[in-house]
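A short reminder: the numbers here are calculations on the coordinates, not readings from a lab. Not measured: the values here are computed from a predicted model. Glycine also receives a Cβ, built like all others from the backbone with ideal geometry; neighbour counts cover every protein chain displayed.
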Amino acid sequence: MAIDTAELPDPDDMPPDPEDMPPAGTSTAGPNPGWLSDDELAYVRGRLPVVYVEAVPVRVDGQGLVTEVGLLLRSTPDGVMTRALVAGRVRYGETLRDALFRHLENDLGPMAFPLIPASPVPAQIAEFFPLPGISPYVDERQHAVSLVYVVPVTGSCSPRQDALEVTWMTPDQALAAGTLAELVGGRGRLLRQALASVGC
């Protein structure tokens, strides 16, 4: 198992949810028409499903078989360490390919060199609800629809945003019960289904 670690950011410099903060150098009233203020985001989350892309970064051999799976390590505001997939919202006017590339670069760094699929057909689709029992996937903040992709990564990863590290493990290690349990909101099941789509 290989681990790529990031330098720890100053907690005072970290926003509560980097996905909800405007990109560096912009404001909520900036030139990006797809950006929402905190109030606008809360309003939308209370009324409409939000579209997300999620990616399972993998390394493949010369025959295209998955040899390693990359999972992010994150800390919750309560200090609990969890595993996560690369994930984030699709902005208004943004293509799925662009959103997928943006989130992979944001979480894995600019030298990750992801190979975005030629077709934007996801390996899996998950519908998250704020209340448990409606679906196996839960997101306490919102009703969300997530398009999940398995994306080969060819470069070196240097975790950014709120990820503490990227852990590379074999498919068997990634699918072990202990690892799947570290993924919150039903994402362990989602990882299992996404990897099954590529023969793992």
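Positive end of the dipole of region 78-184 (Cβ unit charges, origin at the Cα centre): among 119, 163, 150, the Cα lying farthest that way belongs to 119. Close amide H contacts of residue 68 (hydrogens built in the peptide plane, cut-off under 5 Å, sequence separation of 5 or more or a different chain): 59. Distances between placed amide hydrogens fall under 5 Å for residue 151 paired with 56, 58, all partners being 5 or more residues away or on another chain.
Each Lys and Arg Cβ is given +1 and each Asp and Glu Cβ -1; about its Cα centre, region 58-200 then shows a dipole of about 180 debye.
For residue 158, the residues whose modelled amide H falls within less than 5 Å of its own, excluding neighbours fewer than 5 places apart on the same chain, are 109, 111. Phi angles across region 100-116 convert, under the Karplus curve 6.51 cos²θ - 1.76 cosθ + 1.60 with θ = phi - 60°, into 3J(HN,Hα) values of 4, 5, 4, 6, 5, 5, 4, 8, 9, x, x, 9, 6, 6, x, 9, 5 Hz, Gly and Pro given as x.
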